[in-house]
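As structure tokens, the structure follows; a few thoughts come after it.
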Amino acid sequence: MSFIDHAAIRVTAGTGGSGCMAFRRETFVPKGGPSGGDGGHGGSIYLRADPQLSTLLDYRYRTHWKADRGQHGMGKNRTGRSGDDVWLPVPAGTLVRDATTGEVLGELVEPGDELLVAKGGRGGRGNARFATPTHQAPREWERGEEGEDRQIELVLKLIADVGLVGEPNAGKSTLLSVVSAARPKIAHYPFTTLRPNLGVVGLSDGRSFVMADIPGLIEGAHEGKGLGDRFLQHIERTRVLAYLIPVDAPDPQAAYATLRREVAEYSPAVADKPFVVVRTKTDLLADDAPMPALEAPEAGTILDVSAVAGRGIDELNELLWRLVRAAQDTEEAAAGAWPP
């Protein structure tokens, strides 16, 4: 299945039915009075987060979604049938924007979250609604209101506990394939990963967390260079970041500085997330070769791993688990403190 994390669609809610102008015509009921019913409301369009979905692929091929209009009112004070609402399933983690104004309409983060994106038009009133003691034979009626019609953008931001950040060929996909059942594409050339990959990392005692492999970043990624900031968006909802620096990098310190700068330029809030630095591909070093120098005091710790040889993997997983749990506790404490 193709991974599509952006889609632009048009949503058109149903128009309300018009009210009816009618008068009662019944045997033995002289001057029966007005009996025009109201029009039905037009159908609205909603989005709903579906835990079974992981891509916006469906909205790449169908770009216009329309709800039914309401039926017109009828005589004998009968109200027209309202149009059916349309429910569009999207993956959890979808952000919705008005494509014209750029206004954020909402986010669907948790499975089952719902969002109204196009409201159906109100049905018009029939002439029975306009009757008064001094105006007993009204001929007024109303047309149904138009439903909302707008272009919206759907942007999927993956929800994961740990996000792997690194330059192309830093070993992110290899690490993910070793610690989880995910099978991302792995090859010896840059930009092998063209879409984010998710994997569940299992630990002892039934513990687990979700790890995301983000396509490689290069200098200027926050401005759209390389694969650009399309994929930086996927680390916004991670709790912990792991910066991967391969030991065969020409300048590990410069590579680390570049990654930190690109993330900070994209979002200072993301750069402030707890993170670790992981020196990867240590199997490439000779047994007596020194580890390349790398300073990252704000990271708290630097771990050395070899996904191929399996060295340092358990230690890394345990550290990431502790950081994820600490981040969850902080989030829960913040939620419990609101409102102050």
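List of remarks:
- Loop sites in region 22-75: chymotrypsin sites (Phe, Trp or Tyr not before Pro), DSSP, at most 11 other Cβ within 10 Å: PHE28
- Share, in percent, of DSSP beta bridges within region 1-122 that are antiparallel, nearest 5: 55 percent
- Debye, to nearest 20: dipole size of the chain, +1 on Lys, Arg Cβ, -1 on Asp, Glu Cβ: 2340 debye
- For the chain, the direction-averaged projected area of the alpha-carbon convex hull comes to 24.8 nm².
- The GluC sites (Glu not before Pro) found in region 272-340 that occupy coil by DSSP, while having at most 12 further C-beta atoms within 10 Å, are GLU295.
- Most positive-pole-ward Cα, THR282, ILE302, PRO196, against dipole of the chain from beta carbon charges: PRO196
- Top positive-direction residue, dipole computed over the chain with Cβ charges, set PRO133, VAL155, VAL11: PRO133
- Per the Debye formula on identical point scatterers at the alpha carbon atoms of region 249-302, with no solvent, log10 I(q)/I(0) at q = 0.26 Å⁻¹ is -1.13.
- Per-residue HN-Hα couplings for region 110-126 [Karplus 6.51, -1.76, 1.60; θ = phi - 60°; Hz; x = Gly/Pro]: 9, x, x, 4, 10, 8, 7, 10, 8, 8, x, x, 6, x, x, 7, x
- Computed from label points 7 Å out along Cα-Cβ, the spacing between ARG139 and ARG48 is 4.7 nm.
- Pair ASP314, LYS76: separation of 7 Å Cα→Cβ label points (nm): 8.0 nm
- Of all segments of the chain bounded by trypsin sites (Lys or Arg not before Pro) found in a DSSP loop with no more than 11 other C-beta atoms within 10 Å, the longest spans 186-340.
- Once the Kirkwood radius over Cα pairs is known for region 6-156, the Stokes-Einstein relation at 4 °C and 1.567 mPa s delivers a diffusion coefficient of 77 µm²/s.
Laboratory data are not the source of any read-out in this text; all were calculated from the coordinates shown. All figures in this text were calculated on a predicted structure; none of them were measured in a lab. Note that each Cβ is placed from the backbone with ideal geometry, even for glycine, and that neighbours are counted across all protein chains shown.
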